[in-house]
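Let me begin by presenting the structure, written as structure tokens, before commenting on it.
Please treat every number below as a calculation from the coordinates, not as lab data. The model shown is predicted, which means the values in this text are computed figures rather than measured ones. Cβ sites come from the backbone with ideal geometry, for glycine too, and all protein chains shown count toward neighbours.
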Amino acid sequence: MKALLMAEFDDEYYRKLCELMEVVRIGWGKNKALATKDEIKKEIKDTDILIVEGERIDRDIIDSASRLKLICVARGTPVNLDLSAIKERGIPIVYTPGRNTRAVAEFTVGLMLALARHIAFANHLIREKYWLADSHIIHDEVNYKIDWTFNPEAKYNAYGEFKGVQLEGKVCGVIGLGRIGREVARLVNCFGMQTLGYDPYIDKENAGRWVSRICSIQELLKESDFITIHCSVTPETTHLINEQALRLMKPGAFLINTSRGAIIDEQALYRALKERWIAGAALDVLQQEPPPSSLPILSLDNVIITPHIAGATYEIMPIQSEMILAEIKRFLSGEELKYQYKI
């Protein structure tokens, strides 16, 4: 048996995989650069098990893999696979749902704090020397005072300009109550926030375990101080956050997206931020990645944009490696697959 490995894989589990079969390693899992289509076709022709993370596996590649028996995808959903071509061949797909749940949830809360307290903007401005020329503290045993000497050309009085809001008592609206959305709700509860949830597919009787209240998306948009998005892209969710939705939000509200860029109408969001319909936004995902330098939203000072890194932690690698190795062992022994993706 031969495995073609194109996903990040923990060293311990890699050794265990090599004990089971021959392993050829290329692409993203080897040097953090995606393998080319020609490279994949060269190696996959005699591959039995494919383990992939970032590379696109299209019909042409599937047709080249005459021996392929199992595809393992180190992702929450196999969006990089040609599912129809794989279904025609009857090849089972296993994936790694929940592997980055905690990572994305923590990153989401980090963006929430950064927006609430203007952390990213303040950091940028002090590096640009828009704030202090110098400062010093006079301290003796009897008297204590701070003497701030401000740059007369400074554009910002930092203490006033960057006064933020606390999370305690605020309302967090969670759009999508899958694994990540539920974990975000659990984390923000620790800050004393109320949580609203919108998910048309959730079991409403059990939703109280995760959020204070299940409501319509209109209610969530109107009542939330922070809105965080955690749903997949479907025809129903594409541009779910459009101009109409943005105009329902509070002027002091913040929008956070760590799911998929297509869920937000970026042109509408640009207007909402520029004209201050809402206070700010934080986006880890965009419709085009990487974005063109001319993207209008990049010019705004009330939006944080990060390069799709919410799920990038060192802890994820052993999690996904363990899940995939366990599935391969089940497959080889003829057991039922635990994480088979239904096509």
The answer for the net charge of residues other than Phe191 whose Cβ lies under 10 angstrom from its Cβ, with Lys and Arg +1 and Asp and Glu -1, is 0
At 20 °C and 1.002 mPa s, the Stokes-Einstein diffusion coefficient in µm²/s for the stretch 1-130, with hydrodynamic radius from the Kirkwood sum on alpha carbon pairs, is 128
The residues Thr237, Thr47, sorted from fewest to most surrounding Cβ atoms within 10 Å, come out as Thr237, Thr47
Glu219 and Glu275 label points (each 7 Å along its Cα→Cβ direction) are spaced in nm at 2.9
In the structure shown, of Lys170/Lys222; Lys30/Lys342; Lys250/Lys274, the pairs separated by more than 22 angstrom at the C-alpha atoms are Lys30/Lys342
Residues whose built amide H sits under 5 Å from the amide H of Ile256, excluding neighbours closer than 5 in sequence, are Ile227, Thr228, Ile229, Ala282
Most fluctuating of Gly192, Gly173, Gly261 in the GNM of the chain (C-alpha, under 10 Å) is Gly192
The FRET efficiency for Lys30 and Asp203, from their Cβ-Cβ distance with R0 = 51 Å and rounded to 0.05, is 0.75
Toy charge model, Lys and Arg Cβ at +1, Asp and Glu Cβ at -1: the stretch 1-133 dipole around Cα centroid in debye, rounded to 20, equals 280
Most exposed first, judged by fewest Cβ atoms within 10 angstrom, Cys215, Cys231, Cys190, Cys72 run Cys190, Cys215, Cys231, Cys72
The local net charge around Ile297, scoring Lys/Arg +1 and Asp/Glu -1 for residues other than Ile297 whose Cβ lies under 15 Å from its Cβ, equals -4
Expressed in nanometres to one decimal, the distance between label points 7 Å along Cα→Cβ at Leu83 and Leu20 is 2.4
Mean separation of Cα contacts under 8 Å (at least 6 apart) over the residue count of the chain, i.e. the relative contact order in percent, is 15
Computed from the beta carbon distance with a Förster radius of 51 Å, FRET efficiency for Lys250 and Lys2 to the nearest 0.05 stands at 0.35
Expressed in angstrom and ordered largest first, the alpha-carbon extents of the stretch 170-321 along the principal axes are 45, 41, 32
To the nearest 10 degrees, the tilt of helix 179-189 (Cα long axis) against the first principal axis of the alpha carbons of the chain is 30
Within the stretch 242-343, DSSP-loop trypsin sites (Lys or Arg not before Pro) with at most 12 other C-beta atoms within 10 Å are Arg276, Lys338, Lys342
Here the gain from full extension of Glu39 to Leu337, 0.36 nm per residue of separation minus their alpha-carbon distance, amounts to 104.4 nm
In the stretch 188-291, the chymotrypsin sites (Phe, Trp or Tyr not before Pro) that sit in a DSSP loop and have at most 12 other Cβ atoms within 10 Å of their own Cβ are Tyr201
Taking a straight Cα-to-Cα line shorter than 16 Å from Lys37, and setting aside same-chain aspartates and glutamates fewer than 8 residues away, one finds Asp46, Glu53, Glu55, Asp58, Asp60, Asp63, Asp82
Around Tyr95 (Cβ within 12 Å, Cβ-to-Cβ, excluding Tyr95; K/R +1, D/E -1) the net charge comes to +2
Longest the chain segment clear of GluC sites (Glu not before Pro) sitting in DSSP loops (not H, G, I, E or B) with at most 12 other Cβ atoms within 10 Å runs 1-127
Most exposed to least, judged by fewest other Cβ atoms within 10 Å, Thr101, Thr238 sort to Thr238, Thr101
In the chain the DSSP beta bridges are antiparallel at a rate, in percent to nearest 5, of 15
dims of the stretch 267-343, Cα set, principal axes, largest to smallest, nearest Å -> 60, 29, 23
A correct Stokes-Einstein calculation for the stretch 223-265, using the alpha-carbon Kirkwood radius, 25 °C and 0.890 mPa s, returns a whole-number D in µm² s⁻¹ of 230
